[in-house]
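Report on the following structure.
The numbers here are math on the coordinates, done by the rules we state, and not lab data. Just so it is clear, the model here is predicted, and its values are computed rather than measured. Glycine also receives a Cβ, built like all others from the backbone with ideal geometry; neighbour counts cover every protein chain displayed.
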Amino acid sequence: MAIGILSISLIVLSVITVPLAFQRSLSSFLPLNTSPVKERRISQYWSGYTTEYSRGSVVDVRASWVIPVLNCAGTSDELRATTLLSIGRSAENSSPQPSVGVDYVCRSNTPEYIVTYGWNFAIRYSVLDVQAKPGDTVSAEIRWEQGKFIDTIEDSAQGWLVEKENSTFQSTPLRATAEWLVTSVEIGSEPAPLANFGSVRFFNCYATISGITGPVGSFSLVQYTMISASGVATAGPQVLPSRDGSNFSIQWLA
């Protein structure tokens with residue numbers, strides 16, 4: 001497959017922690033954890049849900065989502081957003097950070113949809129010979145098997161599947177988090193303006209952590225809201241993990 005390198009850096013700014021006192025009523029429909037969101041945080045670079053467990057505990061994360069229709073009308077700047085899965089975020093920039101997803105780009109009022117993957121957030125790769133279309137459902141997974149990461153993403157409507165492997169790392173993968181996110185990118189030293197993706201619904205969200213496989217809502221979660229440099233909320237989860245624990249949505253806000 002033809003591969004293009006995206007040299008845009010996703011360097012993490014400091015994340016501000018906001019304590020959360022959160023209760024959900026007990027329901028027989030809920031999975032193991034009836035109060036999944038343990039903490040709320042804000043970030044200039046991502047929005048969604050992550051788990052935080054001990055080093056080496058995460059071996060699989062997967063989800064499906066419908067590619068949204070970008071609203072690029074009236075935009076002169078380059079706007080970006082990405083829906084992706086990831087394992088193992090760390091403040092250590094050298095730590096392997098596999099991810100796979102779809103980039104959304106507005107250039108001169110024109111939307112672009114690009115399948116991407118990567119092994120850290122400094123460099124991501126675009127897959128140029130498959131086509132991602134708004135309205136299609138994509139299913140993605142990252143798994144850790146026999147000392148290597150395997151990224152897969154599939155669009156059954158278009159009839160393609162992309163699979164990439166990596167077993168060469170400069171440092172030991174932490175594998176401490178499972179992540180379902182909408183992200184922005186850094187251009188220069190500032191976050192790029194966030195493309196208007198409307199809303200993205202994640203479903204069939206599962207992870208395998210410490211030998212237990214379950215839906216996103218069965219794990220203790222950190223909920224992220226994305227903010228601009230001036231502190232304005234730009235994207236955030238609008239629906240908590242559903243009663244079956246596997247679905248939620250993220251809304252573009254500004």
Legend entry - Label-point separation in nm, SER76 to ALA122, each point 7 Å along Cα→Cβ: 3.5
Legend entry - Label-point separation, ASN204 to GLU145 (7 Å along Cα→Cβ), nm: 1.7
Inset, instruction - Just add up the charged neighbours of ALA192: K/R +1, D/E -1, any other residue whose Cβ is under 10 Å from the Cβ of ALA192. - result: -3
Legend entry - Residues whose placed amide H lies under 5 Å from that of GLY88, excluding near-sequence neighbours: ALA176, THR177, ALA178
Inset, instruction - Provide the per-residue ³J(HN,Hα) series for segment 66-83, in order, calculated from phi with Karplus coefficients 6.51, -1.76, 1.60 and θ = phi - 60°, each as a whole number of Hz, with x at glycine and proline positions. - result: 8, 4, x, 8, 6, 9, 9, 4, x, 9, 10, 6, 7, 10, 9, 7, 9, 9
Legend entry - Amide hydrogen neighbours beyond the local backbone of ARG124, cut-off 5 Å, H modeled: LEU6, ILE8
Inset, instruction - State whether segment 59-203 is rounded, prolate or oblate according to the following rule on the C-alpha gyration tensor (a ≥ b ≥ c being the square roots of its eigenvalues): a/c under 1.5 gives rounded; otherwise a/b larger than b/c gives prolate, and the remaining case gives oblate. - result: oblate
Inset, instruction - In whole angstrom, note down how far apart the Cα centers of segment 134-176 and segment 222-254 are. - result: 24
Inset, instruction - Compute the length gained on full extension between VAL239 and GLU190: take 0.36 nm times their separation in residues and subtract their Cα-Cα distance, giving the result in nm to one decimal. - result: 14.8 nm
Inset, instruction - Would you tally the net charge around GLY236, using a Cβ to Cβ cut-off of less than 15 Å, leaving GLY236 out, and scoring K and R as +1, D and E as -1? - result: +2
Legend entry - Stretchable slack from SER228 to SER54, in nm (0.36 nm times residue separation minus alpha-carbon distance): 59.6 nm
Legend entry - Whether segment 124-165 is rounded, prolate or oblate, judged on the alpha carbon gyration tensor where a/c under 1.5 counts as rounded: prolate
